[in-house]
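S.K.: Structure incoming, see below.
The values are calculated or read from the model by the stated rules, or taken from the named source; none is laboratory data. These figures come from a predicted structure and were not determined experimentally. Here Cβ is always computed from backbone atoms with ideal geometry, including for glycine, and neighbour counts include all displayed protein chains. Remember, those area values only see protein heavy atoms, side chains included, never the ligands or the DNA or RNA. Shrake-Rupley method; radii C 1.70, N 1.55, O 1.52, S 1.80 Å.
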Amino acid sequence: TVEGAEYKGINCAPELKKFVKSSVGEMNKAGKFEWSYNPPSTGTEDFMWARKGIPAIVCADGDATNYDDRAYHSSYDSWEYTPLDEEGYQELVDTFGKLVIDLDACNVRPMNFTARIKEFENSLSEDAGDQFDETLAKAYDAADAFSAKIDEVEKSGDKDAAVELNKQIQEVYLAFEDSLVGLDFMDVNCEDRNLM
C-alpha cells in the first residue's frame, strides 16, 4: 500500500462475507484503514476464479484510492513517487494472514449460501418478486439445511465427510455462479471519457 492510503477492502464471494467479517472484522476496526467488504470484481483475478467455481478472497483498494488517482499505470508507478506505507503494509499482512490461518482451521468451507439467495431476492423488481416467492422460500429452506449440515460435519471433525461435503459445496457454488452471474455491458459515451 502507498503512503496516504485511507481505504482498503476485501473482495470475496457473497457466501464467504460472513466468515471474512467474523475472522478479521474486529481487527480491521482497530486498524489504520477504513475497511470495506465487497463482492468479486471483474477488474481482478477473483472474478475468473469464481466463474470456475472457486470462491476467492482478495485485497482491494476499498471505497477510494489515491494510488489509482496518482500512479497506477503511469510513470509515477514506483516507490520513488508513491512510497510504501510500511505500517499499512503490515496491516495487510496481518489481515490476510489471519484469514489464511482461520480458513486453514476449517475442515469444511465456511460458505453461507443464504447470502447469495438474499442478493438474488434483492435484485428482483417489485413486479417480479411475487412470482419467485415459492422458489425463494424453497431456496432459503435448502440453504438453511445445507448450513446445518456444514456445521454438523465441521463440529464432528470427520475428515472424509468434510471432503465429500466440500465437493458438494463447490458444485452448489458453481451452479449459483452459472445461473446468477454474468457480464453486462455499459453503454459508454466515448466523448464523456475523453477517448475521442
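S.K.: Does Gly53 qualify as being at negative phi and at pLDDT 85 or above?
M.R.: Judged against the criteria, Gly53 is not a match.
S.K.: If Ala162 satisfies all but one of (1) more than 17 Å from the chain's Cα centre (by Cα); (2) under 30 Å from Phe33 (Cβ atoms); (3) assigned to a helix (DSSP H, G or I); (4) touching a residue at least 40 places away in the same chain (Cβ under 8 Å), what's the number of the condition it fails?
M.R.: (2)
S.K.: Select from region 103-150 the residues that are part of a loop (DSSP other than H, G, I, E, B) and of a type in the set (A, V, I, L, M) and write down the one among them that is farthest from the chain's Cα centre (by Cα). Working first, answer last.
M.R.: Kept after step one, since they are part of a loop (DSSP other than H, G, I, E, B), are these residues of region 103-150: 105-112, 124-125.
Retained after the next criterion (residues that are of a type in the set (A, V, I, L, M)): 105, 108, 111, 124.
Values: Ala105: 19, Val108: 18, Met111: 11, Leu124: 21 Å.
Applying the filter and picking the extreme gives Leu124.
S.K.: Any residue that is open to solvent by 40 Å² or more (accessible area, probe 1.4 Å) and over 23 Å from Lys17 (Cβ atoms) - is there at least one of those in region 165-177?
M.R.: There is no residue in region 165-177 that is open to solvent by 40 Å² or more (accessible area, probe 1.4 Å) and over 23 Å from Lys17 (Cβ atoms).
S.K.: Next up: Within region 57-65, is there a residue that is open to solvent by less than 50 Å² (accessible area, probe 1.4 Å), assigned to a loop (DSSP other than H, G, I, E, B), of a type in the set (A, V, I, L, M, F, W, C) and at pLDDT 90 or above?
M.R.: no
S.K.: Can I ask one more? If you go through region 12-43, how many residues are farther than 17 Å from Arg116 by Cβ and not β-branched (Val, Ile, Thr)?
M.R.: 15
S.K.: May I pose another question? Here is a list of conditions, (1) in contact with a Gly (Cβ under 9 Å, 6 or more places away or on another chain); (2) open to solvent by less than 70 Å² (accessible area, probe 1.4 Å); (3) closer than 19 Å to Glu87 by Cα, and Gly25 meets all of them except one; can you say which number that is?
M.R.: Tallying (1) in contact with a Gly (Cβ under 9 Å, 6 or more places away or on another chain); (2) open to solvent by less than 70 Å² (accessible area, probe 1.4 Å); (3) closer than 19 Å to Glu87 by Cα, Gly25 fails exactly one: (1).
S.K.: Is there any pair with a first residue in region 142-155 that is over 16 Å from Ala115 (Cα atoms) and a second that is open to solvent by 30 Å² or more (accessible area, probe 1.4 Å) and in a helix (DSSP H, G or I) whose Cβ atoms are under 9 Å apart and which are 6 or more apart or on different chains, and what are they?
M.R.: Close Cβ pairs (under 9 Å, with a partner that is open to solvent by 30 Å² or more (accessible area, probe 1.4 Å) and in a helix (DSSP H, G or I)) amount to Lys149/Gln168; Glu152/Ala161; Val153/Ala161; Val153/Glu164.
S.K.: Out of Ser36, Ser23, I need the residue that is assigned to a strand (DSSP E or B), over 20 Å from Ala143 (Cβ atoms) and not basic (Lys, Arg). Which one?
M.R.: The conditions single out Ser36.
S.K.: Looking at region 10-17, is at least one residue part of a helix (DSSP H, G or I), out of contact with any strand residue (DSSP E or B) (no Cβ under 7 Å at 6 or more places or on another chain) and either open to solvent by less than 30 Å² (accessible area, probe 1.4 Å) or at pLDDT 85 or above (or both)?
M.R.: Within region 10-17, one or more residues are part of a helix (DSSP H, G or I), out of contact with any strand residue (DSSP E or B) (no Cβ under 7 Å at 6 or more places or on another chain) and either open to solvent by less than 30 Å² (accessible area, probe 1.4 Å) or at pLDDT 85 or above (or both).
S.K.: I'm trying to understand the selection: among the residues of region 121-164, which are among the hydrophobic types (A, V, I, L, M, F, W, C), in contact with a Leu (Cβ under 8 Å, 6 or more places away or on another chain) and either open to solvent by 90 Å² or more (accessible area, probe 1.4 Å) or modelled with pLDDT of 90 or more (or both)?
M.R.: Taking region 121-164 first, the residues among the hydrophobic types (A, V, I, L, M, F, W, C) are 124, 128, 132, 136-137, 139, 142-143, 145-146, 148, 150, 153, 161-163.
Now narrow it down to the ones that are in contact with a Leu (Cβ under 8 Å, 6 or more places away or on another chain): 132, 150, 153.
Within region 121-164, Ile150, Val153 qualify.
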